[in-house]
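Just below is one structure, and these are the notes that go with it.
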Amino acid sequence: MAHVRLFRHYIHLPFVILGLIDLIVMGLAFALAVFFRFFGELEFFLDNLVFVLPSITIFALFNLIVMIALGVHQSRVEEGMSGMMLRTIMAMILAIPLHGFAYFVADDWLWYLGSFGLLTSATVLAIFSLGIARMVFFTVVGKDRFKRRVLVLGAGRRAKQMFEDLTTPFNRKGFSLDGFVPMPDDTVEVDEQYLINLPTSLHDYVLRHPVREIVVAVDDRRRGLPMEDLLECKMEGVHIIDGANFYERESRKVALEMITRGWLVFSDGFTVSSVYGVGKRALDVLASGTLLLATFPIMVLTAIAIKLEDGLKAPVIYSQERVGLNNQVFKVHKFRSMITDAEKNGAVWARKNDTRVTRVGEFIRKVRIDELPQIFNVLNGTMAFVGPRPERPVFVEQLSEKIPFYAERHRVKPGLTGWAQLCFAYADNEEDTREKLRYDLYYIKNQSLLLDLLIIIQTVEVVLFKKGSR
């Protein structure tokens, strides 16, 4: 199995294993640094291990959290080992103040975190150890060790769409594709080189090849499926999965072209408990309150910069109508980044190199400072900290007519950050909005406190590396 599902969210299994290895390696590196600095004798060190263990745990755990926030493990796919290690170095440097704060809060329990010299040597040792451990891990694991061999039943429009979307390097991490089996009388749209013409049956093919999963992606099931054949495969231990569910698992988004209202009704997910509601609200208040305290000086400086550029009478905050939970319209607040009469001719999409953006506005958009006043929207309950980004009523009306299931994104509160913001760039046209909706529906379908926490942590990467900003 190449994925672990925690609280309905799919996490790629090698990343889970690599995260645990990183945690152990960093703990051992800190223990080794403590041993050479304060002990020197193994028996003496082991006798006092109970006093060192809390510091070891916090050192490893805080470093891992910051690495997750900076997308260290995912960067292996897009940036290679060098990019992964550069992000690791940055993460461990940024974690040093966190260790100092932990020592300040609980100095008796975390005495060993109070030594800056020890933290420095442990960090350097951990970086070298992580580099070696990861090289060994990727050498042993290889590219395909955690991948399932997959056979797709169907070679029409749905199969082609799935193939095109899932064969990017970022998405195709969990499986290796054997090919597509065309159904009788179906229009074949998949390239001929990927087709498999079975000499006998699916069951015979499975017996001859180590296929672990069959994905059903036929265009019209009313024409019938080889149910007896699929049952034989299932009895051999082969997993049978619907194309839409397979797409969701591998890409962490919902396939708009492959789903129906019936699929939404009968698929798992879209369930929210009262406990989750209370927990989410508590997380909203805690996260937004913390962000307000951390960024208040930046907000004051931003207000001053806007006044200096546009004059003392120029407004600092720009309020705009947006559509929220259950299609209720509310006012969202942002630092003004455009000229004062930017929309005198009506609402238009934000676009790249927008001439209406001021010099201060261009900067605060790039680093997302313009969004900070929305903290007050989260505190007053009109927004959540995590959720789909709120859109303007005029655009919602247009998009709801053109994009299927667009209105479903208003089943939850809009958010300051969200799954779509992490996974996709800025949307400035209908097609981009359609793609972001795929991610929004995944979030709504699989929402949990764990997913909210992952999004909040990884939003740090978006801010630091300017992903998705325009």
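The values are calculated or read from the model by the stated rules, or taken from the named source; none is laboratory data. Treat the numbers as computed from the prediction; the structure is a model and nothing was measured. Virtual Cβ from ideal backbone geometry, glycine too; neighbours counted across all protein chains shown. Each accessible area value is taken on the protein alone, full model and side chains, heavy atoms only, with ligands, DNA and RNA left out. Shrake-Rupley method; radii C 1.70, N 1.55, O 1.52, S 1.80 Å.
Here are some notes:
- Within the set L53, L18, the sole residue that is out of contact with any Leu (no Cβ under 9 Å at 6 or more places or on another chain) and either closer than 20 Å to F116 by Cα or of a type in the set (S, T, Y) (or both) turns out to be L53.
- Residues in the range 356-395 that are touching a residue at least 12 places away in the same chain (Cβ under 8 Å), of a type in the set (F, W, Y) and surrounded by fewer than 22 Cβ atoms within 10 Å (Cβ to Cβ): F376, F395.
- With respect to the conditions (1) within 20 Å of the chain's Cα centre (by Cα); (2) surrounded by fewer than 16 Cβ atoms within 10 Å (Cβ to Cβ); (3) of a type in the set (D, E, K, R); (4) in a loop (DSSP other than H, G, I, E, B), D428 falls short on a single one, namely (1).
- Flag if F59 is closer than 16 Å to S115 by Cβ and crowded, with 16+ Cβ neighbours inside 10 Å: yes
- Meets criteria (at pLDDT below 90 and farther than 20 Å from R365 by Cβ) for L449: yes
- Some residue of the range 179-197 being under 24 Å from I444 (Cα atoms) and in contact with a helix residue (DSSP H, G or I) (Cβ under 9 Å, 6 or more places away or on another chain): no
- Residue count for the range 300-321, restricted to those that are touching a strand residue (DSSP E or B) at 6+ places or on another chain (Cβ under 8 Å) and either free of Cβ contacts under 8 Å to residues at least 12 places away in the same chain or over 30 Å from R411 (Cβ atoms) (or both): 4
- Residues being open to solvent by less than 20 Å² (accessible area, probe 1.4 Å) and either of a type in the set (V, I, T) or out of contact with any helix residue (DSSP H, G or I) (no Cβ under 7 Å at 6 or more places or on another chain) (or both) - total across the range 397-411: 1
- Among the residues of the range 76-125, those identified as open to solvent by 20 Å² or more (accessible area, probe 1.4 Å), among the polar types (S, T, N, Q) and assigned to a helix (DSSP H, G or I) are S82, T120, S121.
- Residue match in the range 443-455 (condition: touching a residue at least 24 places away in the same chain (Cβ under 8 Å), charged (D, E, K, R) and within 30 Å of R261 (Cβ to Cβ)): yes
- Residue within the range 142-150 that is modelled with pLDDT of 85 or more, more than 22 Å from the chain's Cα centre (by Cα) and small (G, A, S) present: no
- Subset of the range 276-318 [hydroxyl-bearing (S, T, Y) and in a helix (DSSP H, G or I)]: Y276, S288, T290, T295, T302
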